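Input: a single structure, listed below in structure tokens.
None of the figures in this text is laboratory data; all of them are computed from the coordinates on show. Values in this document were obtained by computation on a predicted structure and should not be read as measured data. Backbone-built Cβ (ideal geometry, glycine too); neighbour counts: all protein chains shown.
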Amino acid sequence: MVPDPRPVGNTARKPKLAVWKFASCDGCQLSLLDCEDELLQLAEEIDIAYFMEASSRQVEGPYDLSLVEGSITTEDDAQRIREVRAQSHALVTIGACATAGGIQALRNFADVEAFTAIVYAHPEYISTLKTSTPISAHVPVDFELNGCPINKRQLLEVISAFLHRRPPQVPAHSVCIECKLRGNVCVWVAHGTPCMGPVTHAGCGAVCPAYNRGCYACYGPKENPNTESLCHWWKQELGASNAKVIENLRNFNSAAPEFDAASRRQEEQDDQE
């Protein structure tokens, strides 16, 4: 059941929306601003109470719906997301960083202290966690919207769904279906190009295959992705190296459980060989 975003005891008040940023590039918040005309219509239905990317106006919570961009990378982040959750009736994570740790989750497979020692003149001033984790690893999340960045139409659908107390209608099929709907020639079949489309969540409109490039899995894993089969075909039929397979699994959504597990299995195979 979708949490009821309507204010309790005061049905005349518009629901309050808050947009929060953690470790991210701001691209998903910009997707909301990119709604333009739709954003004006949205403002008639809800009170955009906290959205620092768009306005310095800050209305205190609690909030009926919170949209959260970004991953948790510091102790302060971990504390702040608990505070956000406490004052949010419904909480939706938006984008690869918030739903799967983002590109910064590559740190999860490396030595963060070694990196900071190389990059910073005074690494002792850097306060960071050894991992980048999704919001759901720290607090309950009511819905996750994939993408790097998110699809603005899907975002509007999610907001509308929460306003009307219904489940969001966001497709769960793969990018391959989007390729068929768009009339794309399969780059895998036609050119032997390794492509993450079979295991990747729809939402981008298959933009990369439309330009004869393989999918980079910007939208993270689809429901029940068969990563084992994908890795087999990449290596056995397309001649991709183990390193190439791992590189593509560890991209925008490297900490997504399905991609994380698959890439670690490939690493184990490397060690055995």
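Put simply, the Cα atoms of the chain extend 64, 53, 30 Å along their principal axes, the longest span coming first. Listed cross-link partners Lys14/Lys222; Lys21/Lys244; Lys16/Lys180; Lys21/Lys130; Lys152/Lys222 are compared with a 28 Å cut-off, the Cα-Cα value being larger for Lys14/Lys222; Lys21/Lys244; Lys16/Lys180. Over the residues of the chain, the helix contribution to mean residue ellipticity at 222 nm works out to -10500 deg cm²/dmol, using -39500 (n - 2.57) for each DSSP H run of at least 4. Taking one quarter of the surface of the convex hull spanned by the alpha-carbon atoms of the stretch 100-229 gives a direction-averaged projected area of 11.1 nm². When the Cα positions of Asn248, Ala190, Cys218 are compared along the charge dipole of the chain, Ala190 comes out farthest toward the positive end, with charges on each C-beta of Lys, Arg, Asp and Glu. Peptides 87-93, 100-106, 135-141 ranked from most to least packed, by the mean per-residue count of other Cβ atoms within 10 Å: 100-106, 87-93, 135-141.
Applying a DSSP loop filter and a limit of 12 other Cβ atoms within 10 Å to the chymotrypsin sites (Phe, Trp or Tyr not before Pro) in the stretch 68-131 leaves Tyr120.
Two numbers describe the Cα atoms of the stretch 16-163: Rg and Dmax, which are 16.0, 50 Å. When only Cα pairs below 8 angstrom with a gap of at least 6 residues are kept, the stretch 16-163 shows a relative contact order of 28 percent. Enclosing the Cα atoms of the stretch 79-165 in their convex hull gives a volume equal to 105 cubic angstrom per residue.
Applying the Kirkwood pairwise sum to the alpha-carbon positions of the stretch 175-272 produces a hydrodynamic radius of 13.4 angstrom.
Of all trypsin sites (Lys or Arg not before Pro) in the stretch 207-273, which ones are in loop regions per DSSP and have a Cβ with at most 14 other Cβ atoms within 10 Å?
Values: sites: Arg213, Lys222, Lys235, Lys244, Arg250, Arg264, Arg265; in loops: Arg213, Lys222, Arg250.
Loop-located and lightly packed - Arg213.
Binning the C-alpha pair distances of the stretch 31-80 at 10 Å intervals from 0 yields a P(r) profile of 19, 49, 25, 7 %, listed from the shortest bin outward.
Extents of the stretch 141-212, taken as max minus min of Cα coordinates on every principal axis and listed largest first, are 45, 22, 18 Å.
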